[in-house]
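First the structure, in the form of structure tokens, and then the observations on it.
Just so it is clear, none of the values below were taken in a lab; they were calculated from the coordinates. Remember, it's a predicted structure, so these values are computed and weren't measured experimentally. Cβ placement follows ideal geometry from the backbone for every residue including glycine, while neighbour counts extend to all protein chains displayed.
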Amino acid sequence: MRAITIPKPGDADALVLAEVPAPTAAHDEVLVQVAASGVNRADLMQRQGFYPPPPGCSAYPGLEVSGTISALGSDVTGWSVGDQVCGLLSGGGYAEQVTVPATQLLPVPEGVSLVDAAALPEVVSTVWSNVFMTANLQPGQTLLIHGGSSGIGTMAIQLGRAIGARIAVTAGTSEKLTACRDLGAEILINYREQDFVEVLAGSTHGSGADVILDNIGAKYLSRNVDALAVSGRLVIIGLQGGVKAELDINMLLRKSAAIIATSLRGRSVIEKAAIVAAVREHVWPLIDSGQVKPIVHRTFPLTQAADAHRELEAGKNIGKVLLTP
Ligand SMILES: NC(=O)c1ccc[n+]([C@@H]2O[C@H](COP(=O)([O-])OP(=O)(O)OC[C@H]3O[C@@H](n4cnc5c(N)ncnc54)[C@H](OP(=O)(O)O)[C@@H]3O)[C@@H](O)[C@H]2O)c1
């Protein structure tokens, strides 16, 4: 089969389409004939050599796919050859075939095309596990999402709205903020022109955000804590603004606030299974009913994986970028 390989880490041209051995499903996995794979910012870091795959995982990039089951491991029940699915991976999605742990599979939702379903597993699992399972966002609370127009952000806006939270977002252009508004965001902050702490305080009678979903890390740490409400929860999922920062812990203490940082890829198969089961129970009905949708910016053929990476790197995307083999 053909897959994207990374013979030598580097810029987008480090992605090389090559003929490689097809994988075979272990006893608890299925083999999927890939229809599409999602491009994630983590793939860009893997390509640059900063985010190696966990031990035992595929060396090829790609954290999510959609496709058709072509073979079943001996212990797999509840799925059949021919089922149309999407799934969460630890790697290997940029390929014609990939193996997926059966506990990380989801059916293609009603009304979503097989290709677009590849836009769902990573963002839905990340947002649900962090914003809801960990940070316990409640109806009526305020959720601040940094990078509101990102793949992650466009899903977080929709899920936050679906449970009745008030959504604030940051983005770098008015076009991106308009897209966030159209998805349900209410407080729109252009981070290049405005101070998000001030705007949020002005829009919440000074109380701030109950939950912040942060992709920036160090650069925003102190201001994120300033922006938190009493008992607020800051969940850091990305480090686009660096890894080391100083913090006045007294600010946290006075607010009885919490800072949490998580990585989905590094979690155990058991933890991922619990997240995917929760997603199927709580999020899939919202997608089946059309209330929540995958937001697909653009689909590239696998032969143009480098262009897909450049698209994300240049920040051109609103929502997800996909690859089709
Ligand atoms: N921990 C986990 O388990 C996990 C899982 C999945 C994703 N993530 C992380 O989640 C983030 C989003 O991932 P993605 O794949 O959806 O990426 P993406 O679509 O490439 O989005 C990146 C976003 O970062 C925004 N951004 C850049 N500088 C910013 C700033 N100073 N303030 C606010 N926003 C800024 C960009 O917005 P503008 O274009 O408006 O500048 C863009 O929307 C990444 O950091 C990724 O690593 C983490």
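Worth pointing out:
- Filtered residues of segment 124-157 (kept if away from the ligand (no atom under 12 Å from the Cβ), surrounded by fewer than 24 Cβ atoms within 10 Å (Cβ to Cβ) and either polar (S, T, N, Q) or on the phi > 0 side of the Ramachandran plot (or both)): N136, Q138, G140, Q141
- Matching entry among V199, V169 (being without any contact (Cβ under 8 Å) to a residue 60 or more places away in the chain and farther than 29 Å from I287 by Cβ): V199
- If you go through segment 61-95 and pick out every residue that is part of a loop (DSSP other than H, G, I, E, B) and surrounded by 23 or more Cβ atoms within 10 Å (Cβ to Cβ), you end up with 7.
- When residues of segment 102-123 are limited to those that are among the polar types (S, T, N, Q) and in a helix (DSSP H, G or I), the one surrounded by the most Cβ atoms within 10 Å (Cβ to Cβ): Q104
- The single residue among T99, T126 that is of a type in the set (S, T, Y), touching a residue at least 24 places away in the same chain (Cβ under 8 Å) and over 20 Å from K320 (Cα atoms) turns out to be T99.
- Scanning segment 47-76 for residues that are without any contact (Cβ under 8 Å) to a residue 24 or more places away in the chain and over 25 Å from L322 (Cβ atoms) yields P55, G56.
- Residue count, segment 292-325 (criterion: closer than 17 Å to R161 by Cα, away from the ligand (no atom under 13 Å from the Cβ) and touching a helix residue (DSSP H, G or I) at 6+ places or on another chain (Cβ under 6 Å)): 1
- Residue check, P121 under 30 Å from D75 (Cβ atoms), within 16 Å of the ligand (Cβ to nearest atom) and out of contact with any helix residue (DSSP H, G or I) (no Cβ under 6 Å at 6 or more places or on another chain): yes
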